[in-house]
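Every number here is computed from the coordinates shown, using simple stated rules; none is lab data. In this text the structure is predicted, and so the values were computed from the model without any measurement. Cβ sites come from the backbone with ideal geometry, for glycine too, and all protein chains shown count toward neighbours.
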Amino acid sequence: MRSPSLELDAVYGDGPALDAFLYDHRPAQPLKGVKLLLGKNRDSGPGGPSLKNGNFGNPALVGNNFDVQRTSDFTAIIGDFRNDENLIVSQLHHAFIKFHNKVADHLNTAGFTNDPFTQTKTTVTHHYQWIVIHDFLKRIADPNIVNKTLASGPKFFKGKFFMPVEFSVAAYRFGHSMIRNDYFINAPLTARPATLKQVFDFIRIDLLPVLSNWVVDFNLYFPGRPVPAGVSLNVARKIDTRLALGLEQLPGESGNFMTMLAKRNLVRGLALGVPSGQAVAKAIGAIPLSETELQQNNTTEENKILNASNKLLLAKTPLWYYILKEAEVKEQGKRLGTVGSTILAETFVRILKEDSNSFLHATPKFKPNLPRFGGRPVGDFDMTDLLHFAGVLTLD
Ligand code: HEM
């Protein structure tokens, strides 16, 4: 069972004593048992040749440790196997391992003031939690709502903490609308752009390693980083009521994956008694979307469904759909609207408040203190800083 805290349990497992297979315990290591283990990329084998000397190879990366560690049949040896579900998430997991290892080196140079593993993990986790709130959440949700929730604390989810169904079954599934049909992986691979299906097949089908020419260049995933000629930034799709057609090609279930995903998001909401968008809007004191707004940009067929049974779905709109429509008509799909932002802000802030080890409870007050890329002033930290510090931005 994963922890509901933002403590990177997928990276750390139960720590070096219990999940020793995740950690580097070699006697010669100066930070024995503190650093996490990595894997090596292959140039050829299952999954195809890396073509390192052909058109698409990335010689700079060949033979490097840009993969998670794997068993002989390529099963990922990581704290949560689900992070090896697709190429990009797997590569991000490997980036977090490298971030941890670099932080260990950094603190070692400065001199540890606490148990080396605990101090490293705490530094990593606090910087990560900072990024979740101040970089990710403030982009995806209304920053005013995030700031207000941080300042006065969550006020709508009360009592004993559990993951709210409004979050897991509706609001946080907003991400399904941002999935793209294809993803640039790295510049040398441009001639073979990766479809969504390839991004999933690469890891999952027959359990493949990450070949050296499939190493993800994270410069292509974050604005403000150099993007080589011939490739573009992988900008997420807008948050709206449309899903990428590329989802139709994903394996896993018989039938159409895209329809299955949408259906599941809606059916689970019904089965778990998730309140309608209008009910949540009223509960938080927001003006619900009008019937006109709910029907904006829709096809005639969609609006027929919304109007059926005496306008049932216009009066009680399923929360997942409502949140997507709210983002679409109120925020042009660039971020979540009031209902979506409130559910996310309340949940994330509550998670951090519940965890006595989170950066919100640190004394003295936590401010990021790791160096940032490009000489940016220390005191803030975003995802590009983390990836840069980890050494996985391949153009650096
Ligand atoms: C290509 C990318 C993705 C695929 C193929 C995918 C697919 C799925 C599937 C099949 C489920 C299970 C549905 C069910 O049985 O109810 C699910 C659940 C979920 N997904 Fe995604 N998803 C993707 C990306 C995302 C993103 C980007 C987010 C959020 C930012 C997200 C948030 C969630 C949440 C919150 C759940 C529910 C988890 C739970 O209830 O424990 N997903 N996803």
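Set the Förster distance to 35 Å, then compute FRET efficiency between Ser290 and Asn144 from the Cβ-Cβ distance, nearest 0.05. Computed FRET efficiency for Ser290 and Asn144: 0.95. Over the chain, dividing the summed -39,500 (n - 2.57) contributions of all DSSP H runs of at least 4 residues by the number of residues returns a 222 nm mean residue ellipticity of -11500 deg cm²/dmol. Cα convex hull, segment 153-239: 170 Å³ per residue, rounded to a whole number. Comparing Gly285, Ile323, Val124 along the charge dipole axis of the chain, the residue lying farthest to the positive side is Gly285, per the Cβ-charge model.
Ranked by the mean number of other Cβ atoms within 10 Å of their residues, highest first, the peptides 378-389, 319-330 fall in the order 319-330, 378-389. For segment 347-357, the Karplus equation 6.51 cos²θ - 1.76 cosθ + 1.60, evaluated at θ = phi - 60°, returns couplings of 5, 5, 5, 5, 4, 6, 5, 5, 9, 5, 8 Hz by residue, with Gly and Pro reported as x. Semi-axes of the equivalent ellipsoid of the chain are 37, 28, 19 Å, computed as sqrt(5λ) over the eigenvalues of the C-alpha gyration tensor in descending order.
Net length available on complete extension from Asp115 to Gln29 is 29.3 nm, with 0.36 nm assigned per residue and the Cα-Cα distance removed. For segment 243-396, the alpha-carbon coordinates run over 58, 40, 28 Å along the three principal axes, in decreasing order. Computed from point charges on the beta carbon alone (+1 for Lys and Arg, -1 for Asp and Glu), the dipole magnitude for the chain about its Cα centre is near 640 Debye.
For segment 119-172, treating each Cα as an identical point scatterer without solvent, what Debye log10 I(q)/I(0) comes out at q = 0.17 1/Å? Debye intensities relative to I(0), on a log10 scale: -0.73.
Estimate the FRET efficiency between Asp14 and Asn64 by the formula 1/(1 + (r/R0)^6), using the beta-carbon distance for r and 35 Å for R0, to the nearest 0.05. Working from the Cβ atoms, E equals 0.75. What pairs from Lys155/Lys282; Lys32/Lys102; Lys197/Lys304 go past 22 Å between their alpha carbons? Checking Cα-Cα distances, Lys197/Lys304 exceed 22 Å.
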